[in-house]
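The values are calculated or read from the model by the stated rules, or taken from the named source; none is laboratory data. Keep in mind it's a predicted model, so treat the numbers as computed, not measured. Because the Cβ atoms are built from the backbone with ideal geometry, glycine has one as well, and the counts that use them run over all protein chains shown.
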Amino acid sequence: MTPQVTQEDRIGVFARLSDLYHGFINRRYLVNSVIYMAGNLLAQALAFFALPVFTRYLSPADYGILSYTGSLVQIFFILSLLSLNSFVLRHYFELDNEEDRRELFGTIFIFLLPMNLVFLLLEFSILPHVFSLVAVKVAFHPYMAVALLDNSLEVVSVLPLAYYRVTANAWRYFWLISLKSVLSISLGLILVIGFDLGVMGRYYGSLATNAVFLFVYLNILFRISSFRFRITTITRGLRFSLPLVPTALAGMAFFSLDRIVLERYVSLAEMGIYSVALVLGTALAMVTKSFYLAIEPEMYALFSQEGYENKVVALKNRFLYGLIILGCVIIVFSKEIIRLAASPTFFNGYRIIPFFVIGMIFKGAELIASISLFALNKTRLQMVSYGVSLGVFVPSLFLLIPLLGAAGAAVALACSYAVLFLLSVRFVTRHSHIRWGARRDATLILAAASVSYGLMHIDAGSVWGSFFVKAGIVAAAGSMLAGRFWRGTKGAVSPA
């Protein structure tokens, strides 16, 4: 029976919204959150709407090449930064005068620039031999070589974007992200279609975009930095950031090792189908990243305020329920989404999308716990939780991929993110007074995803018929659960 929402419930809803608004989520947070999300939404939307075009000019094998090189570059990107960007975000608020803050950016840049030049030379000296030795299906030249050059330019963007985050200059962040995305997609389309360069058009488009924006980022750095090298700043920064590198690598390994292992077991074409399903199934990451960009500085700044624990759990509940709703919609309409977003040769990817979505919900649920560990100065515990989760992920890949093919990698990812969520919450509750309700959250995620997976397979005899049947069921379920949603968020603290 549909629950009745009384006048008292409505008053309670508005009161809780008012408390939330005037407390933890203030006006600046709300505005910045929307702007950060808009920037990431635009970038994601551009890539999404370009996907049907690219998949008609690029084969699944081409996407397999892009996916494989991209997975390696993500790992090298973290090694190129040594997580010093996290130190900048944390240390910035501890400095009281503007000149010290300018020196912070200048010192980090002076350290990173020569280090990355040396790192790039090592990559070009060693990796060609490694590719040849292990008989990688993807050629180092030209694919991996161009991807590494692109990565070396991408590193320069991190400090300017970090500056706009800590200064809450969300609009400039938005324009940088948006204009870069527009240029990259546009050049990619021109080079792939107009110049018939095939998959290399994607590589050259990204490289040319980063080359153009290199001058933009350098101009920003010269304006916000004092280029005086402080060895004490680097020493303190490395003490803070180096323990985060294994954690960051473990986190990125969840988005990289699957392709590296898949390359050993499946064809490039199957890996290309997997990579398109990955893009569509991890769309929720766009929401979580936008939320993270907006909330991380706020949580650091507000951590010492009274009532932090209650505000964290209230925020977590609303964020988690929103993720579950969005994730269930994606699962239910997986077939329709992949028909819309890719050519028919990629259609079988719909079978993989639900497992990516489940993983993204668990990863999103873990987000606030992760930031809380940072705020509690318990970064080593996050390293432990990522290490254990990665220890689950790697054996699962080698076990499930031979059994299930590419889908096995997606299942392994979902299981590993569930373990990560449970461990991170356990560490937070052990070192704080936050009562999280992790088991309830995990049960809710799995139950909602299971129902959605069943609805995904509805077949009404035609594409449009199936769509309308699913849409009707989703609309009815949404109406029934609307009242329960607000009642489920009543009270600031989740049950244990």
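Would you mind stating whether residue 403 is outside any loop (DSSP other than H, G, I, E, B) and in contact (Cβ under 8 Å) with a residue 60 or more places away in the chain? No. Does residue 96 satisfy being more than 30 Å from residue 201 (Cβ to Cβ) and either surrounded by 15 or more Cβ atoms within 10 Å (Cβ to Cβ) or modelled with pLDDT of 85 or more (or both)? No; evaluated as a whole, the condition is false for this residue.
Kindly state which helices (runs of 4 or more DSSP H) lie completely within the range 222-284 and contain at least 2 residues that are among the charged types (D, E, K, R).
Values: elements: 231-241, 244-253, 257-265, 268-281.
Answer list for the range 222-284: 231-241, 257-265.
Taken over the range 438-464, the criterion of being without any contact (Cβ under 8 Å) to a residue 60 or more places away in the chain and within 30 Å of residue 381 (Cα to Cα) is satisfied by 438, 439, 440, 443, 447.
Here is a yes/no grid of residues against (1) modelled with pLDDT under 90; (2) of a type outside the set (Lys, Arg); (3) more than 23 Å from residue 204 (Cα to Cα):
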position: 101; (1), (2), (3): no, no, yes
position: 112; (1), (2), (3): no, yes, yes
position: 128; (1), (2), (3): no, yes, no
position: 141; (1), (2), (3): no, yes, no
position: 148; (1), (2), (3): no, yes, no
position: 158; (1), (2), (3): no, yes, no
position: 167; (1), (2), (3): yes, yes, yes
position: 171; (1), (2), (3): yes, yes, yes
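Restricting attention to the range 368-396 and to residues that are among the aromatic types (Phe, Trp, Tyr) and closer than 28 Å to residue 318 by Cα, the residue that is surrounded by the most Cβ atoms within 10 Å (Cβ to Cβ) turns out to be 386. Cβ-Cβ contacts under 7 Å between residues 6 or more apart (or on different chains), taken from a first residue in the range 419-435 that is within 15 Å of residue 391 (Cα to Cα) and free of Cβ contacts under 8 Å to residues at least 40 places away in the same chain to a second residue that is in a helix (DSSP H, G or I) and hydrophobic (A, V, I, L, M, F, W, C), are listed as 419/388; 419/392; 422/438; 422/442; 423/388.
A single entry from 479, 450 fulfils the requirement of being in a helix (DSSP H, G or I), surrounded by fewer than 16 Cβ atoms within 10 Å (Cβ to Cβ), modelled with pLDDT under 80 and among the small types (Gly, Ala, Ser): 479. So, in the range 321-343, exactly how many residues are outside any helix (DSSP H, G or I) and crowded, with 20+ Cβ neighbours inside 10 Å? Matching residues across the range 321-343 total 2. List pairs: first in the range 224-243 and at positive phi, second at pLDDT below 90 and surrounded by fewer than 18 Cβ atoms within 10 Å (Cβ to Cβ), Cβ under 9 Å, 6+ apart or cross-chain? Sorted first by the residue in the range 224-243, then by its partner, the list stays empty. For the range 57-80, the criterion of being over 21 Å from residue 147 (Cβ atoms) and not assigned by TED's automatic domain parsing to the domain that holds residue 206 is met by no residue.
Of all residues in the range 52-85, those that are more than 19 Å from the chain's Cα centre (by Cα) and crowded, with 19+ Cβ neighbours inside 10 Å total 8. Could you tell me whether any residue of the range 194-202 is over 30 Å from residue 90 (Cα atoms) and within 24 Å of the chain's Cα centre (by Cα)? Scanning the range 194-202 turns up at least one residue that is over 30 Å from residue 90 (Cα atoms) and within 24 Å of the chain's Cα centre (by Cα). Per the listing 111, 131, 76, the residue uniquely within 28 Å of residue 168 (Cβ to Cβ), in contact with a helix residue (DSSP H, G or I) (Cβ under 6 Å, 6 or more places away or on another chain) and aromatic (Phe, Trp, Tyr) is 111. Here residue 197 clears all of (1) within 30 Å of residue 291 (Cα to Cα); (2) outside any helix (DSSP H, G or I) except the condition numbered (1).
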